[in-house]
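Chemist: Quick one: structure below, then a few questions.
What follows draws every value from the coordinates through simple rules; no lab data is involved. Note that the structure is a prediction, hence the values are computed from the model and not measured. Backbone-built Cβ (ideal geometry, glycine too); neighbour counts: all protein chains shown.
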Amino acid sequence: MSWYAYCIAERQAFPELSRHRRPMPLENVKGLFGNQVFLFPASDLAVLVSEHSEEDAARIDQQCQKDHARVIADCFKQTTLLPFRFNTTFTDDDALRRSIRSNHRHFGANLERFQGKAEMHLKVLVDD
């Protein structure tokens, strides 16, 4: 089973994760296709993920983009985070841990830099 990744946050923002070394469900948050969202501990970071099958990958649609954004928006209410691009997946626990470990310094620095801030992009389409 693969992991679908939504965002990264500081682990301390989720006190319920303090004693866990394995992914734990994030209460009342559902991701793509109604799949349970989990807090995946990675050193001092938490990655918000949901299980993602090959069947799920084949069904990705516009609603999934909305669900991805909703999970990020729900978590942003609680803490500063770094969102993953839509449809970012990891093949297994080890692949996710390796990615976080190899980019840990970058993630930590950006979380610190963005503390208490929000980034927004505005796209304007004009018909001629």
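Chemist: Restricting attention to region 88-126, report how many residues are under 20 Å from Ala73 (Cβ atoms) and either in contact with a Cys (Cβ under 7 Å, 6 or more places away or on another chain) or of a type in the set (Val, Ile, Thr) (or both).
Modeler: 1
Chemist: Hey, can you tell me all the residues within region 56-88 that are part of a helix (DSSP H, G or I), farther than 25 Å from Glu112 by Cβ and of a type in the set (A, V, I, L, M)? So that I can check it myself, show each step before the final result.
Modeler: Initial filter on region 56-88 (part of a helix (DSSP H, G or I)): 56-58, 62-76.
Those left that are additionally farther than 25 Å from Glu112 by Cβ: 56-58, 62-67, 70.
Listed by number, the residues that qualify are Ala57, Ala58.
Chemist: Could you figure out which of (1) surrounded by 10 or more Cβ atoms within 10 Å (Cβ to Cβ); (2) of a type in the set (Gly, Ala, Ser); (3) free of Cβ contacts under 8 Å to residues at least 12 places away in the same chain; (4) farther than 14 Å from Phe40 by Cβ isn't true of Ala58?
Modeler: (1)
Chemist: Additional query: Collect the residues in region 1-50 that are more than 13 Å from Arg97 (Cα to Cα), in contact with a strand residue (DSSP E or B) (Cβ under 8 Å, 6 or more places away or on another chain) and acidic (Asp, Glu), keeping them in residue-number order.
Modeler: Once the filter is applied, which keeps residues that are more than 13 Å from Arg97 (Cα to Cα), in contact with a strand residue (DSSP E or B) (Cβ under 8 Å, 6 or more places away or on another chain) and acidic (Asp, Glu), region 1-50 yields Glu10, Glu16.
Chemist: Now for a separate question. Checking the structure you have, find out if any residue of region 105-120 is of a type in the set (Lys, Arg), in a helix (DSSP H, G or I) and loosely packed, with under 13 Cβ neighbours inside 10 Å.
Modeler: yes
Chemist: Could you please find all residues in region 15-39 being more than 15 Å from Ile72 (Cα to Cα) and of a type in the set (A, V, I, L, M, F, W, C)? Spell out how you get there, then give the answer.
Modeler: In the first step, residues of region 15-39 are kept if they are more than 15 Å from Ile72 (Cα to Cα); the result is 15-25, 33.
Selection gives Leu17, Met24, Phe33.
Chemist: Scan region 72-110 for residues that are in contact with a helix residue (DSSP H, G or I) (Cβ under 7 Å, 6 or more places away or on another chain) and free of Cβ contacts under 8 Å to residues at least 12 places away in the same chain and report the count.
Modeler: 0
Chemist: Now for a separate question. Identify, by number, the condition in (1) in contact (Cβ under 8 Å) with a residue 24 or more places away in the chain; (2) surrounded by 12 or more Cβ atoms within 10 Å (Cβ to Cβ) that Met1 doesn't meet.
Modeler: (2)
Chemist: I need the full set of residues from region 15-45 which are free of Cβ contacts under 8 Å to residues at least 60 places away in the same chain, outside any strand (DSSP E or B), over 19 Å from Phe90 (Cα atoms) and not small (Gly, Ala, Ser), in order please.
Modeler: Of everything in region 15-45, those that are free of Cβ contacts under 8 Å to residues at least 60 places away in the same chain, outside any strand (DSSP E or B), over 19 Å from Phe90 (Cα atoms) and not small (Gly, Ala, Ser) turn out to be Pro15, Glu16, Leu17, Arg19, His20.
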